[in-house]
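Chemist: Let me give you the structure first, and then I'll get to my questions.
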Amino acid sequence: MQRLFTGLQPSGTLHIGNYLGALKQTVELLKDADGLVMIADYHALTTLKDPEGLRTNIANVVRDYVAVGVDPKKTIIFQQSSVLQHTELAWIFDCLVTVPFLMQAHAYKDKVAKGLDANAGLFTYPMLMAADILLYDTDVVPVGADQKQHVEYTREAATKFNLAFGETFKAPQEKILDAVAVVPGTDGKKMSKSYGNTIPLFGSKDEIQKAVMSIVTDSSGESPENVYNIHRLFRSGDSLVNLYKENRGKYKALKDALVEDIETVIGPMRERRASITDADVKAILKDGGDRAREQAEKKMIDVRRKVGVTI
Ligand code: ADP
Ligand code: TRP
């Protein structure tokens with residue numbers, strides 16, 4: 001069976017871009033894979049300095065994963081911070097890669113260009129991600145297109161370590177679902193929480209309605225392109241083409257139909273989410289942390305011996 005590993009930062013509320021670009025695909029792949037799903041809380045700390053917010057977000061991500069269909073009995077759901085081997089291995093990788101190499105990371109450059117604090121954690125972020133992935137002999141990493149380079153960095157870290165200390169890490173492959181590689185937001189640009197153009201994944205129907213009504217439409221064409229580009233992710237084929245033919249120029253009717261189509265997908269997941277208690281969340285994280293730690297420690301025993309810190 002293939003080993004699958006993915007992670008998500010607990011840095012805010014999920015939107016449908018996160019779901020269609022990452023979560024949905026992960027759930028599909030997890031059906032026939034041996035999987036680990038990690039809440040990247042230490043990665044979130046590179047940008048978030050809000051303990052209460054972080055705590056809430058961590059619990060929310062667990063609920064989100066279970067609600068979209070990840071089975072915590074089969075798949076390991078865990079917090080990055082509860083398996084200390086991640087930060088330990090990241091340090092070893094930091095000592096193998098160069099500053100100019102890390103300086104080429106798009107995500108780092110983009111975040112700094114947007115005015116985020118250029119802290120050292122943000123800079124070495126890719127090596128913590130490499131540790132996440134490589135500790136578990138991962139084969140595939142389902143992520144959105146923006147994370148492709150981070151998986152390339154991961155392969156590079158594996159190669160550098162293997163060359164320096166002997167064959168230890170397996171090279172993972174990113175898995176990007178091309179058709180929805182970039183989900184557009186309400187303004188037509190990439191949907192992202194940092195652009196304020198999102199449609200919430202677990203918002204109430206009213207919130208979804210509000211977001212859909214705010215989709216920017218231009219009056220030049222007969223079909224509202226931005227509405228269509230989101231709609232095609234929820235309905236396909238002739239049914240979608242006919243809907244847009246029948247409602248030519250009727251933007252309100254098309255937006256109403258989009259709200260209904262989103263609701264059909266999200267409604268049942270929202271219900272499942274509401275049934276998950278705080279105690280369930282704690283139990284899932286405890287069990288997942290224990291299972292992940294056991295595997296990570298096995299790998300680190302070998303790594304420590306190879307680098308020479310075990311005497
Ligand atoms: P955001 O851009 O809102 O900050 P994150 O960076 O937290 O989102 O992304 C979490 C996951 O969701 C990543 O795997 C990312 O690639 C994916 N993702 C985020 N936004 C989109 C989008 N608009 N289209 C496709 N995938 C996305
Ligand atoms: N960097 C990823 C993001 O922003 C989150 C992440 C951390 C991750 N570690 C990972 C994703 C390991 C996949 C594998 O979305």
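Chemist: Tell me which residues come under 5 Å, amide H to amide H, from ILE77 once H is placed; ignore anything under 5 positions away on its chain.
Modeler: The answer is VAL37, GLY288.
Chemist: Then there is this: Spelling out what I want: for every residue of segment 184-197, take phi, set θ = phi - 60°, compute 6.51 cos²θ - 1.76 cosθ + 1.60 (Karplus), and round to whole Hz; glycine and proline get x.
Modeler: Using θ = phi - 60°, the values come out as x, x, 5, 9, x, 7, 3, 5, 7, 4, 6, 9, x, 10 Hz.
Chemist: Sticking with this one: Let me understand segment 193-272 better: what is its radius of gyration from the alpha carbons, and its Dmax, in angstrom?
Modeler: Cα radius of gyration and Dmax of segment 193-272 are 12.7, 42 Å respectively.
Chemist: What is the gain in length, in nm to one decimal, between LEU102 and SER214 on full extension, counting 0.36 nm per residue of separation less the C-alpha to C-alpha distance?
Modeler: Numbers: separation 112, 0.36 × 112 = 40.32 nm, distance 3.85 nm.
That works out to 36.5 nm of additional length.
Chemist: Can you sort ASP132, ASP287 from fewest to most other Cβ atoms within 10 Å of each residue's own Cβ?
Modeler: On the way: ASP132 27, ASP287 15.
Lowest to highest Cβ neighbour count: ASP287, ASP132.
Chemist: Still on this structure, please answer the following. In the structure shown, do any of LYS49/LYS286; LYS31/LYS175; LYS210/LYS252; LYS49/LYS175; LYS31/LYS170 have a Cα-Cα gap over 19 Å, and if so which? Present the calculation step by step, with values, prior to reporting the outcome.
Modeler: Details: LYS49/LYS286 24 Å; LYS31/LYS175 15 Å; LYS210/LYS252 12 Å; LYS49/LYS175 31 Å; LYS31/LYS170 22 Å.
Too far apart for the 19 Å limit: LYS49/LYS286; LYS49/LYS175; LYS31/LYS170.
Chemist: Note the per residue figure in Å³ for the convex hull of the C-alpha positions in the chain.
Modeler: 142 Å³
Chemist: In nm, to one decimal, how far is the LYS245 label point from the ASP110 one, both placed 7 Å along Cα→Cβ?
Modeler: 3.8 nm
Chemist: Given the -39500 (n - 2.57) contribution per DSSP H run of 4+ residues, what per-residue ellipticity at 222 nm results for the chain, rounded to the nearest 500 deg cm²/dmol?
Modeler: On the way: 13 runs with 165 residues, N = 311.
Calculated mean residue ellipticity at 222 nm is -16500 deg cm²/dmol.
Chemist: Over segment 13-118, what is the relative contact order in percent, taking alpha-carbon pairs closer than 8 angstrom and at least six residues apart? Before the final figure, lay out the partial values.
Modeler: Details: 51 pairs, mean separation 35.7, N = 106.
Computed value for segment 13-118: 34 percent relative contact order.
Chemist: Please rank ILE133, ILE284, fewest neighbouring Cβ atoms within 10 Å first, as an exposure proxy.
Modeler: Values: ILE133 29, ILE284 22.
Neighbour counts put them in this order, fewest first: ILE284, ILE133.
Chemist: Along the Cα→Cβ direction, 7 angstrom out, place labels at GLN173 and VAL307. What is the inter-label distance in nm?
Modeler: 2.9 nm
Values in this text are rule-based calculations from the coordinates and carry no lab data. Just so it is clear, the structure is predicted and the values come from calculations on it, not from any experiment. With ideal geometry, Cβ positions are generated from the backbone for all residues, glycine too; neighbour counts draw on all protein chains shown.
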